[in-house]
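The values are calculated or read from the model by the stated rules, or taken from the named source; none is laboratory data. Here the structure is a predicted model, which means the values were calculated and not measured. Here the Cβ positions follow ideal geometry from the backbone for every residue, glycine too, while neighbour counts run over all protein chains shown.
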């Protein structure tokens, strides 16, 4: 496929209450995945193949079975303040109640009573994931030591999970008590729902950025020592100005924040113009020299610090037009700092050599009814706020790589809805992949497993559901709206039993029903397939014009978006993305500096043109 790096989701020792994001030991490998010797062998083989390895880093919480938590619950010397502990309250009947009204992302109270300690501990996720206390200097050093451990083993960087949840307000500033959070005013939320409150005391606190900058400094030490750049990618669902700050400032180099503009801003009625606005927004605010990214449905990795760009996910809906898509791209590119790299999250991640936030605009703004105008709007929004000289990225469901520091852009992830049709799915597989790959400087796509095949979410029944976020809904009918399990079903290797994933009688999650036709073996053998198109696009994005050239996005018609990459003395690259149901003849004469003739070098599975 031409990949340059692999990003492993959490592989650490864990009781697996939340797919390994509840970590018992940051320096041990979960036996489900192998041993430390297996990991060392992987590193040797990856180096031989010229492939970098990036790891998930989960700093907000550990498992409640970790040694740190057990010692903290016992108040062992040195560990007393490793976690967020608080005394409970009493109701009118004298019954014990949590310290305040804080709610877990997975619903219900964010506090759990610990009988050993006689206090409540905070868990912003599941009960088995107690929040670490970053106001403790010892905790901060512990986590830096964890990063150093894996950097010594040769990893090229980290994707940092849920970074904006890392700090809570200091109780000492509120009379020793953690204050209640105000109501959000969301009429659709129940008192048990996370969206019921406005989380002003538990998200996006300023102290978080200082810790990120200190981690970036640590990675730079290893970069100088080893002569190989290191990446730090930060995932944070937040307002654009807050995401952009992960890039760093004049005093501190930061991370690459995930860019979620596509996810957040593009609705089902977005046009190509809407997409352009979204891109421009990110590009306007992104600091100079940083890299933009666009999150569609996944994340973005950068060799540096890059926020995930979720604009495509958040802003583009199923009725988005070419104008909508252009707006999304422009929004991210507008706010992204100068010199940074944009990324677009579709369903994966983006990698940049520098500090880049994940761009989630594609995830947040594009739904299953997005048109070319919707997509254009999403792109424009990110590109508008991205600082000059930075690189955009678009998170789809895999990853995007940029040579810089880039936030994950999740716009594609947040805007594509679950009601996507077959036509919408083809747009996501080929057209969105093409858009995410060619929008943004130094933006190289990384793929969430199956993205290159056009794998769709599998159907997971309530009885088979394992995701605690879905289980905590207590709703056997609508649980799927919160479930992440459909995205995690086994990879389709071939048409054999269990899609060639396992020889066991059953797999940990059921294999998607369409594996007989949608699988790697079939697509490698086919004359024209999503897999072969993906390989072609990966090769194209390594061209100088895509890596370093100027970007021009246009909504040529209501459904056709053009993405043009130009660089002096280099071949121009033109991408045409048709979000409609019929073929269209388009006029490119308004575009500047195009040659008199163009050569077709990559086509989607429905395109009638030949390479």
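Observations on the model:
- Restricting the range 137-161 to residues that are part of a loop (DSSP other than H, G, I, E, B) and in contact with a helix residue (DSSP H, G or I) (Cβ under 9 Å, 6 or more places away or on another chain), the residue that is surrounded by the fewest Cβ atoms within 10 Å (Cβ to Cβ): 153
- Complete set of residues in the range 1-27 that are touching a helix residue (DSSP H, G or I) at 6+ places or on another chain (Cβ under 6 Å) and more than 20 Å from residue 489 (Cα to Cα): 1, 2, 26, 27
- Condition check for residue 105: touching a strand residue (DSSP E or B) at 6+ places or on another chain (Cβ under 6 Å), over 24 Å from residue 214 (Cα atoms) and part of a loop (DSSP other than H, G, I, E, B): no
- The residues of the range 548-557 that are buried (at least 19 other Cβ atoms within 10 Å of the Cβ) and closer than 16 Å to residue 328 by Cα, listed by number, are 551, 553, 554, 555, 556.
- Among (1) out of contact with any strand residue (DSSP E or B) (no Cβ under 8 Å at 6 or more places or on another chain); (2) closer than 21 Å to residue 606 by Cα; (3) buried (at least 17 other Cβ atoms within 10 Å of the Cβ) - the single one residue 537 does not satisfy: (1)
- Checking each residue in the range 162-171 for being surrounded by fewer than 22 Cβ atoms within 10 Å (Cβ to Cβ) and either in contact (Cβ under 8 Å) with a residue 60 or more places away in the chain or touching a strand residue (DSSP E or B) at 6+ places or on another chain (Cβ under 9 Å) (or both) picks out 162, 171.
- Residues that are in a loop (DSSP other than H, G, I, E, B) and either without any contact (Cβ under 8 Å) to a residue 24 or more places away in the chain or over 26 Å from the mean Cα position of the chain (by Cα) (or both) within the range 524-542 comprise 526, 527, 528, listed in sequence order.
- Residue among 583, 545, 575, 521 that alone is surrounded by fewer than 17 Cβ atoms within 10 Å (Cβ to Cβ) and either in contact with a helix residue (DSSP H, G or I) (Cβ under 8 Å, 6 or more places away or on another chain) or in a helix (DSSP H, G or I) (or both): 521
- Summed over the range 185-211, residues that are touching a strand residue (DSSP E or B) at 6+ places or on another chain (Cβ under 6 Å) and modelled with pLDDT under 95 total 0.
- Qualifying residue in the range 56-73 (condition: touching a strand residue (DSSP E or B) at 6+ places or on another chain (Cβ under 7 Å), under 30 Å from residue 531 (Cα atoms), outside the structural domain of residue 535 (by TED's automatic domain parsing) and modelled with pLDDT of 95 or more): yes
- Taking the conditions (1) over 20 Å from residue 336 (Cβ atoms); (2) modelled with pLDDT under 85 in turn, residue 261 satisfies each one other than (1).
- With respect to being at negative phi, surrounded by 19 or more Cβ atoms within 10 Å (Cβ to Cβ) and out of contact with any strand residue (DSSP E or B) (no Cβ under 6 Å at 6 or more places or on another chain), residue 120 falls outside the description.
- Each residue in the range 481-505 was checked for being surrounded by 17 or more Cβ atoms within 10 Å (Cβ to Cβ), touching a residue at least 40 places away in the same chain (Cβ under 8 Å) and out of contact with any helix residue (DSSP H, G or I) (no Cβ under 7 Å at 6 or more places or on another chain), and 2 of them qualify.
- Matching option when the condition is more than 25 Å from residue 489 (Cα to Cα) and in contact (Cβ under 8 Å) with a residue 12 or more places away in the chain, among 520, 566, 516: 566
- Residue 177 touching a residue at least 40 places away in the same chain (Cβ under 8 Å), on the phi < 0 side of the Ramachandran plot and not in a helix (DSSP H, G or I): yes
- Residues that are assigned to a loop (DSSP other than H, G, I, E, B) and modelled with pLDDT of 90 or more within the range 479-499 comprise 489, 490, 491, 492, 493, 494, 495, 496, listed in sequence order.
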